[in-house]
Amino acid sequence: MNARTWISGLLVAGALGGGGWWWWQQQAAADAPQLRTAKIERGTLTATVAASGTLAPTVQVQVSSQVSGQIREVLTDFNAEVRKGQVLARIDPETFEYRVRQAEADLEAARAQVGVQQATLAARRSDLNRARINYEEALRDFDRKQDLVARNFISPAERDKARSVARALEQDVAAAAAQIDLGDAQVRNARSTVQQREAQLASARVDLGRTVIRAPVDGVVIKRSIEPGQTVAVSLAAPELFLIAQNLRDMQVEVSIDEAEVARLRVGQRTTFTVDAFPGRSFEGTVMQVRKASKSEQNVITYTAVVSADNDQQALLPGMTANVRIVTDVRNEALKVPNAALRFKPPGWSEAPKSAGLPAPLAVAMSAWLPEAAAQASGGGLQAYRERLERELSPSDAQKARIDAAFAAARERFGAVRDADEAERPKLMARNRETMRAQIAEALDPAQRKTFAAINAEIDARRAAGGGGAPAAAGAGSAATAAGAAGASAAAAGASAAGASAAGASAAAAAPKVGDQKAGDQKAGEAKAADSKAAPARPGEPAAPAARPGEPRPAAGGGGGPGGQMAAFRQRLERDLALTDAQRGQLDGIFGGMRERFMALRDAPEGERAKLSERLRADMRAQIGEILDPAQKKKYAEILVELAGRSVARGRVFVPGPDGKPVPLELRLGLSDGAFTEVIAVTGGGKLDAGDLVYVGVVGGPSAPGPATPARPAGPRL
């Protein structure tokens, strides 16, 4: 009896223990966060700018008055159709009629004065003729008396008297001629007065005519601001009497665009808009103008964009508020990732590198090397190595010049490594480093060579031990054999330090599978981010080309460095511009020279890199334009305009790994429509394609952002 009771107790205790364990497992499963996934899609992406504006006629004319007075009558009203020259209103003309009459009287008086002056001039001409006759008679009398004096018939006194009389009459002739000139001037003055009076009369008649307000254009009266009996006062500004819309079938929307969005607008972009008066109905238009004048309201800067609006049915009325959507860019067959995936982070995930799952020696080597690699990815590897050589070798100016040439050649060779096969890259890296060392050694004297050899031996020893601490570009390349995948990543970081910007491609070679990227991808992504700061990228140019349908997409791994981007940009030019063989050769020379100049940016101060990079891009665009014919230049300008508005950003998504845990992928992102964003490339290794799953949120569990799942009943369920 006791044994049976003991066995029953054990069975009951075992059942209770099993039920408790099962209940605990169910509770743990219920508390564990459940990740929600979504699929990557491929389709069309349309980016838009949303804004509001006001409908207005394309041409509207303000009808004003040029004279002051009282409105006698108004002959038109709102919504009236008018023709050019049609009378709209009249101002009381009585005052202006009096002015016309006064001007006419002044004109008649001026004309009479002209007649008086002409008569006076005629009298003065008669006086001149009389003076000339008297003068001629005095001359004849003087001649006779001169003969008589010679014959001694008269005395010389009479002759002298005749001479004086002739001279006096000569002065009378001169005075009469001067009076003639004065009379001519008076006649001309009187005629000028007549012209002035005629102008005053014409002005008075014009003012009288302006009392009649006429329509300047054909159109519809959409505003009337006067009433009969109202006084119109013209001072500094002409008052508005009527507002006429020339054609209500041709409307426009004046849209206020925020300063952050105005750079995305281009003339000719397609738009759609709605108005509150017709809910559910959409109207179409195009961007006709983006005005450069800014408006500031409460410290908010906006610009006005003019959008055309077809109004054949005359459903749209002036002043309506339009909600406008301007299509700024479109991507066909784009790889789209949900924006929620870009914002999602798994619970408990941190930015710190993870070395779990790696052998202890390899984890130690990576933890020691990765910070160094991230620092060198910003372009400081070769620079630090060169500074150490100058500090410890104390080279002369001539030696410095030869060392600089060796480093410049090394940068170009390291940049070419990224285009080689993955299996050949470690060998090429080691060979390039040895070549660089040999060129530097040739510039040194024997004592300096001894010190140089000791420096390289120290670097090689540290690299072989996996401890980092030396510039990657100056290492011996033995890290690949000493640390496996970590060494390959170190070589990639060395290439980046050498200015080749190939960290993404080498990282992809070191970890080509998504499931293997638990330690290397995170640091590779950080190195890429540092690399992007060292050489800012712009879309459509060597630093950041935007992917287009039909172009090679570097979505299966790296390809995010300037080398691959320049190659993609070059392929776009060859395909769209149909270059000749000679032009291709010239293009090779341009890109070759630009590649070296872009690499040299890594040695420039960080604050100057953006300006220098922009200057290099402008120089490259100009050089490419010089080798093109006129038709190609036109197409090339269209390509640059198209690519100028494309932005390239970086982001991260999490995908399910082989063990079901979230694995991060670093992405280069392009166009976004608010719900989805274009994936241009996977920069940290791995692949992403349509149909793949990405995590977008958490469902259930204590860390879920939304409502948790219903609580399970307490106790085990049978």
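The values are calculated or read from the model by the stated rules, or taken from the named source; none is laboratory data. What you see is a predicted model, and the numbers here were worked out from it, not measured in a lab. All Cβ positions, even for glycine, are placed from backbone atoms using ideal geometry, and neighbour counts span all protein chains on display. Only protein heavy atoms, including side chains, enter the accessible area calculation; ligands, DNA and RNA are left aside. Shrake-Rupley method; radii C 1.70, N 1.55, O 1.52, S 1.80 Å.
A few points about this structure:
- Restricting attention to region 64-83, the residues that are surrounded by 18 or more Cβ atoms within 10 Å (Cβ to Cβ) and either closer than 16 Å to Gln246 by Cα or polar (S, T, N, Q) (or both) add up to 3.
- Within region 575-591, tally of residues that are exposed (fewer than 13 other Cβ atoms within 10 Å of the Cβ) and either among the acidic types (Asp, Glu) or assigned to a helix (DSSP H, G or I) (or both): 6
- Options Ser367, Ser308: the member that is in contact with a strand residue (DSSP E or B) (Cβ under 8 Å, 6 or more places away or on another chain) and either among the polar types (S, T, N, Q) or at pLDDT 85 or above (or both): Ser308
- Some residue of region 99-121 being open to solvent by less than 70 Å² (accessible area, probe 1.4 Å), more than 30 Å from Glu198 (Cβ to Cβ) and of a type outside the set (Val, Ile, Thr): no
- As a summary of the residue check, Glu284 satisfies the conditions (1) in contact (Cβ under 8 Å) with a residue 40 or more places away in the chain; (2) part of a strand (DSSP E or B) except for the one numbered (1).
- Condition met for Arg652 (modelled with pLDDT of 85 or more, closer than 30 Å to Ala340 by Cα and either among the basic types (Lys, Arg) or in a loop (DSSP other than H, G, I, E, B) (or both)): yes
- Selection of region 223-247 for residues being of a type in the set (A, V, I, L, M) and out of contact with any Pro (no Cβ under 6 Å at 6 or more places or on another chain) yields Ile226, Ala233, Val234, Leu236, Ala237, Ala238, Leu241, Leu243, Ile244.
- Pairs with Cβ under 7 Å, 6+ apart, first in region 563-574 and part of a helix (DSSP H, G or I) and open to solvent by 20 Å² or more (accessible area, probe 1.4 Å), second among the charged types (D, E, K, R) and at pLDDT below 70: Ala568/Glu551; Gln571/Glu551
- Flag for Arg597 being at pLDDT below 80, more than 30 Å from Gln269 (Cα to Cα), part of a helix (DSSP H, G or I) and not β-branched (Val, Ile, Thr): no
- Of all residues assigned to region 84-92, at least one qualifies as being open to solvent by 80 Å² or more (accessible area, probe 1.4 Å) and either at pLDDT below 90 or under 30 Å from Asp218 (Cβ atoms) (or both).
- Just one of the numbered conditions (1) modelled with pLDDT of 90 or more; (2) closer than 30 Å to Leu667 by Cα; (3) loosely packed, with under 12 Cβ neighbours inside 10 Å is not true of Pro338: (3).
- Test for Thr328: is it among the hydroxyl-bearing types (Ser, Thr, Tyr) and farther than 21 Å from Val220 by Cβ: yes
- Residue check for Asp276: surrounded by fewer than 16 Cβ atoms within 10 Å (Cβ to Cβ), in contact with a Ser or Thr (Cβ under 7 Å, 6 or more places away or on another chain) and modelled with pLDDT of 90 or more: yes
- Cross-chain or 6+ apart pairs with Cβ under 9 Å, region 41-63 first and open to solvent by less than 20 Å² (accessible area, probe 1.4 Å), then among the basic types (Lys, Arg) and not in a strand (DSSP E or B): Ala47/Arg264; Val49/Arg264
- Number of the condition not met by Thr58 [criteria: (1) on the phi > 0 side of the Ramachandran plot; (2) modelled with pLDDT under 90]: (1)
- Region 257-273, residues that are in a loop (DSSP other than H, G, I, E, B) and either open to solvent by 70 Å² or more (accessible area, probe 1.4 Å) or of a type in the set (A, V, I, L, M, F, W, C) (or both): Glu259, Ala260, Leu265, Arg266, Val267
- Cross-chain or 6+ apart pairs with Cβ under 9 Å, region 612-630 first and under 11 Å from Leu601 (Cβ atoms) and without any contact (Cβ under 8 Å) to a residue 40 or more places away in the chain, then among the aliphatic types (A, V, I, L, M) and assigned to a helix (DSSP H, G or I): Leu612/Ala600; Leu612/Leu601; Leu616/Met594; Leu616/Leu601
- Candidates are the residues of region 235-245 that are aliphatic (A, V, I, L, M) and under 25 Å from Val220 (Cα atoms); the one that is farthest from the chain's Cα centre (by Cα) is Leu241.
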